[in-house]
Amino acid sequence: MGKIVSLILGVETSCDETAAAVVADGRSILSNVVASQIELHRRYGGVFPEIASRQHVLDIVPVIEEAMAQAGTAWAGLGALAVTSGPGLVGSLLVGVNAAKGIAWAKGLPLIGVNHLEAHLYANWLYTPRQGRQEDAPPAPRFPLLCLIVSGGHSDLVLMTAHGQYRVLGRTVDDAAGEAFDKVARLLDLGYPGGPAIQKAAEGGNPTRFDLPRAMLKEGYDFSFSGLKTAVLRIVQKHEGSGKKPSGERSRQLTPRAAPAQRGLPVADLAASFQAAVVDVLVEKTRRAAEEFQVEEVLLAGGVASNALLRGQMVSRVQVPVRYPPPNLCTDNAAMVAAAGYFKHMAGERADWDLDVKPGMGLRCEL
Ligand code: KG4
Ligand code: ZN
């Protein structure tokens with residue numbers, strides 16, 4: 001077994017998952033604990049910020065203790081503590097940052113502030129060893145590489161030339177890709193979170209039934225998804241207006257609203273056509289950038305990177321190897337925070353005790 005250089009405890013509370021993890025050498029996952037709040041927010045159709053921060057307060061200490069116990073690590077065995085300081089919901093970020101500061105101070109550990117987007121990207125360095133076998137490590141990603149970060153809050157196409165060296169080639173000018181999935185799922189009454197629900201609904205659907213817009217497909221590397229969402233809304237309104245009512249309906253007031261499929265809405269075809277349009281734009285821009293910048297690899301990151309069509313299309317249309325994390329490392333987790341923290345730790349980065357949250361933080365452009 002290779003020598004363990006450094007164990008990092010990662011802490012993540014930027015949105016609706018309270019998470020802690022211990023990672024060795026920035027790559028090998030010793031523990032990865034996530035307390036999801038999805039059930040709490042489902043009834044609101046999205047994340048309710050006040051409820052999220054209160055739940056983080058309740059979960060943060062048990063989740064950290066569980067991550068330490070599962071890793072079988074003593075506090076003295078840790079090299080540093082890494083925490084997401086932004087971007088995200090301010091009340092949620094504050095819980096993780098303050099917990100991390102308190103623990104780092106009490107245990108005498110260096111504190112490292114991590115950008116949540118950078119953490120998503122570093123999920124591609126992670127692997128789960130069989131019983132601590134470091135030799136299981138797959139080769140690390142090679143630079144220069146291109147990373148498509150697609151989450152509920154961001155859609156960024158990033159050129160990475162070395163650890164910590166990024167150039168954002170493009171980003172969304174309106175909705176993020178995950179946000180578009182969530183909004184369209186709401187239009188189709190598919191529930192929350194929308195991404196997995198759309199993917200499932202699309203399974204039996206015809207992706208060419210509706211010719212939906214692919215905004216800015218040939219121009220630059222920025223994305224725009226709000227027109228696509230509006231196009232879906234128009235189709236939904238048109239179908240509702242066409243007055244297909246469930247048989248036997250006598251009074252609108254007395255009859256509960258029928259499910260979209262019962263209202264004559266072709267949900268599967270709409271979901272499939274929408275998913276195909278989003279994926280087409282994401283893949284085409286990544287393919288063009290991979291060619292222009294002659295990258296070694298393409299990485300996918302963020303919640304939308306768990307989309308099966310996106311993964312499949314990227315692999316078949318991009319010329320270089322494509323890498324993506326398993327679904328549980330695509331969505332929010334703390335192992336990715338520990339991985340990003342490790343490479344910062346190695347580069348000598350340290351946060352001061354006045355480390356503050358940065359809810360609107362973007363990915364730094366350092367080229
Ligand atoms: O990265 P993440 O867990 O949280 C943020 O940092 O935003 O991403 C959550 C987003 C949600 O919008 C969710 O609908 C989307 O990722 N998502 C998916 C899939 N799984 C999650 N989108 C498309 N297809 C999926 N299978
Ligand atoms: Zn995220």
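The values are calculated or read from the model by the stated rules, or taken from the named source; none is laboratory data. The structure displayed is predicted, hence computed values, not measured ones. Backbone-built Cβ (ideal geometry, glycine too); neighbour counts: all protein chains shown. Just the protein is used for accessible areas: all its heavy atoms, side chains included, with ligands, DNA and RNA removed. Shrake-Rupley method; radii C 1.70, N 1.55, O 1.52, S 1.80 Å.
So what are the radius of gyration and Dmax for the Cα set of the chain, in Å?
In Å, with Rg to one decimal and Dmax whole: 21.6, 73.
How large, in percent, is the carbon and sulfur part of the accessible surface of the chain at a probe radius of 1.4 Å? Could the numbers behind the result be given before it?
Working: 8470 of 16020 Å².
Using a 1.4 Å probe with all protein chains present, the chain comes out at 53 percent carbon and sulfur.
What pairs from K101/K285; K200/K238; K218/K358 go past 29 Å between their alpha carbons? Write out the running numbers ahead of the final one.
Values: K101/K285 40 Å; K200/K238 24 Å; K218/K358 33 Å.
As for pairs spanning more than 29 Å Cα to Cα, those are K101/K285; K218/K358.
Calculate, for the stretch 166-225, the solvent-accessible area per residue in square angstrom, rolling a 1.4 angstrom probe over the heavy atoms of the protein chains. Let's see the in-between values first.
On the way: 2880 Å² over 60 residues.
For the stretch 166-225, the solvent-accessible area averages 48 Å² per residue.
Compute the Rg/Rh shape ratio of the stretch 98-223: radius of gyration over Kirkwood radius, all on alpha-carbon atoms.
When Rh is taken as the Kirkwood radius, the ratio is 1.07.
Looking at the stretch 162-234, what % of the alpha carbon pairs are farther apart than 14 Å? Walk me through the intermediate numbers first.
Working: 1766 of 2628 pairs.
Across the stretch 162-234, Cα pairs with separations above 14 Å total 67 percent.
Which value, to two decimals, describes the C-alpha radius of gyration of the stretch 1-53 once divided by 2.2 N^0.38 Å?
Details: Rg = 15.1 Å, N = 53, 2.2 N^0.38 = 9.9 Å.
Ratio of Rg to 2.2 N^0.38 Å for the stretch 1-53: 1.52.
Counting every Cα pair in the stretch 90-143, what percent are over 17 Å apart?
Details: 847 of 1431 pairs.
So the portion of pairs separated by more than 17 Å is 59 percent.
If you line up the long axis of helix 177-187 against the longest principal axis of the chain, both from Cα atoms, how many degrees apart are they, to the nearest 10?
Helix 177-187 sits roughly 40 degrees off the main axis of the chain.
On a 0 to 90° scale, report how tilted helix 267-292 is relative to the longest principal axis of the chain, with both axes built from alpha carbons and the result rounded to the nearest 10.
50 degrees
Compute the acute angle (0 to 90°) between the alpha-carbon long axis of helix 335-346 and the principal axis of greatest extent of the alpha-carbon atoms of the chain; round to the nearest 10°.
So the helix axis and the longest Cα principal axis differ by about 40 degrees.
For a distance above 12 Å, tell me the whole-number percent of Cα pairs in the stretch 325-366 that qualify.
Values: 637 of 861 pairs.
In whole percent, the share of Cα-Cα pairs in the stretch 325-366 beyond 12 Å is 74.
Evaluate the distance, in nm, between pseudo-label points positioned 7 Å from the Cα of A74 and of N206 along their respective Cα→Cβ axes.
Going by the 7 Å Cα→Cβ label model, 6.7 nm.
No solvent, one uniform scatterer per C-alpha: report log10 I(q)/I(0) for the stretch 3-91 via the Debye equation at q = 0.18 1/Å, two decimals.
-0.77
What FRET efficiency do you get for R167 and W105 if R0 is 45 Å and r is their Cβ-Cβ distance, rounded to the nearest 0.05?
Working: r = 35 Å, r/R0 = 0.79.
The formula returns an efficiency of 0.80 here.
Measuring with a 1.4 Å probe in the full set of protein chains, what accessible area per residue, in whole Å², belongs to the stretch 1-151?
On the way: 5870 Å² over 151 residues.
Result: 39 Å² per residue.
Could you tell me what percent of the DSSP beta bridges with both partners in the chain are antiparallel, to the nearest 5? Before the final figure, lay out the partial values.
Details: 26 of 44 bridges.
Just about 60 percent of them are antiparallel.
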